[in-house]
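Heads up, the thing below is written out as structure tokens.
Please treat every number below as a calculation from the coordinates, not as lab data. Remember, it's a predicted structure, so these values are computed and weren't measured experimentally. Glycine gets a Cβ as well: all are built from the backbone with ideal geometry, and neighbour counts include every protein chain shown.
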Amino acid sequence: RKEVEQDPGPFNVPEGATVAFNCTYSNSASQSFFWYRQDCRKEPKLLMSVYSSGNEDGRFTAQLNRASQYISLLIRDSKLSDSATYLCVVNAGGGSYIPTFGRGTSLIVHP
Amino acid sequence: SAVISQKPSRDICQRGTSLTIQCQVDSQVTMMFWYRQQPGQSLTLIATANQGSEATYESGFVIDKFPISRPNLTFSTLTVSNMSPEDSSIYLCSVERGAGVREQYFGPGTRLTVT
């Protein structure tokens, strides 16, 4: 089983739609969780950290489910500019910062 | 966040040669990281570079193939030695920021093609 797993997609949605991605992780001791966005031929950029209580930033909501070992990203009112690959990142913690990246979920928002 | 630059942004090299990639950060950082992202794949950590000590390499990566320098707290280099076409990839440096939750910020990447 891979350490961090994501559905590669692509998720193809119309503008204005709500779309959600999940990411599962295998290490139950994982401490920190993030969503990154990567545009084609660009570097990954931090979208948001994922807190235990969940967090929201505008149209984006991230949730953590420790019991089931997954994190989710919900995007409401999708824009064309949301088209990108969304990477899930998990850090095992324990004083050793070795983040593990998922392969990413591709999102295509069409008119 | 952090402002990170990398040079070169891209290069096409012949097999058997070596390429050194530079990474410059706008402020002092303790740890710098080097990643590789092959086409269609996610990021793979190559090594962690601390100033004043040897880099720590991940499984599958060795110093002879990927020597790293970290002469000060704002700069690092990664050399890809004796290149083969399998080394064609995007190479990214990154730094971490934050006291509690440590977030990573990436340079723009170096796109390497080995012919």
The set of residues whose placed amide H lies less than 5 Å from the amide H of residue A:48, leaving out same-chain residues fewer than 5 positions away, is A:35
Interchain or long-range residues, amide H under 5 Å from residue A:17's placed H
A:78
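Please give the direction-averaged projected area of the C-alpha convex hull for the range A:20-111, in square nanometres with one decimal. Provide the component values of the computation, followed by the final result.
On the way: hull surface 24.5 nm².
Computed as one quarter of the Cα hull surface, the answer is 6.1 nm².
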For the protein assembly as shown, cysteines whose Cβ has no other cysteine Cβ within reach (under 4.7 Å)
A:40, B:13
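Summarise the partner chain shielding of A:98-109 as one whole number: the mean count of Cβ atoms from other chains within 10 Å of each residue's Cβ. Write out the running numbers ahead of the final one.
On the way: counts 5, 9, 4, 8, 2, 4, 5, 0, 0, 0, 0, 0.
Partner Cβ neighbours, averaged per residue: 3.
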Go through the range A:9-15 residue by residue and turn each phi into a ³J(HN,Hα) via Karplus (6.51, -1.76, 1.60, θ = phi - 60°); whole Hz please, and just put x for glycine and proline.
x, x, 8, 10, 10, x, 3
May I ask you to evaluate 6.51 cos²θ - 1.76 cosθ + 1.60, the Karplus curve with θ = phi - 60°, for each residue of the range B:22-33 and list the ³J(HN,Hα) values in order in whole Hz, giving x for glycine and proline?
9, 9, 10, 10, 7, 8, 6, 9, 6, 10, 10, 10
For Cα pairs less than 8 Å apart in space and 6+ apart in sequence, what is the mean separation divided by the residue count of chain B, i.e. the relative contact order in percent?
36 percent
For residue A:54, other-chain or 5+-apart residues with amide H closer than 5 Å (H placed, Pro excluded) are A:64
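Per-residue Cβ counts within 10 Å, from other chains only, averaged over B:30-42: what number is that?
On the way: counts 0, 1, 0, 3, 0, 4, 0, 5, 0, 0, 3, 3, 15.
Neighbouring Cβ atoms belonging to other protein chains average 3 per residue here.
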Take the alpha-carbon centre of the range B:50-106, take the same for the range A:6-57, and report the distance between them in whole Å.
24 Å
